[in-house]
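J.: I have a structure here, written as structure tokens, and I will follow up with some questions on it.
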Amino acid sequence: MPSKFTWRKTALILFALNIFLALWMHGGLAFLGLGAKDVSEPERLDMQVLPKAIMLDAPASQASASRESH
């Protein structure tokens, strides 16, 4: 059975890794040259379509069936 010191060391190492990861993800280590890269795709914003401008048509089989019943 592992001793108390082994569990304590493991907990401290995991805590330190957690703090390091949080700092890395939020740019806290940028001054050291360590930090997550910003991922952005500005060209996707230009390609977006306004949702209100989209018109949905009924499938051809439903459209012909509804015309026949009226």
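J.: Please compute the length gained on full extension between MET25 and VAL39, using 0.36 nm multiplied by the number of residues separating them and subtracting their Cα-Cα distance. Don't skip to the end; give the middle numbers.
T.: On the way: separation 14, 0.36 × 14 = 5.04 nm, distance 1.22 nm.
Here the answer is 3.8 nm.
J.: Once the piece of chain linking ALA16 and ASP46 is laid out straight, how much longer is it, given 0.36 nm per residue of separation minus the C-alpha distance between them? Mind dumping the intermediate values first?
T.: Values: separation 30, 0.36 × 30 = 10.80 nm, distance 4.15 nm.
Value of the extension gain: 6.7 nm.
Where a number appears in this text, it was derived from the coordinates with a stated rule and is not lab data. For clarity, every value in this text was computed on a predicted model and none was experimentally measured.
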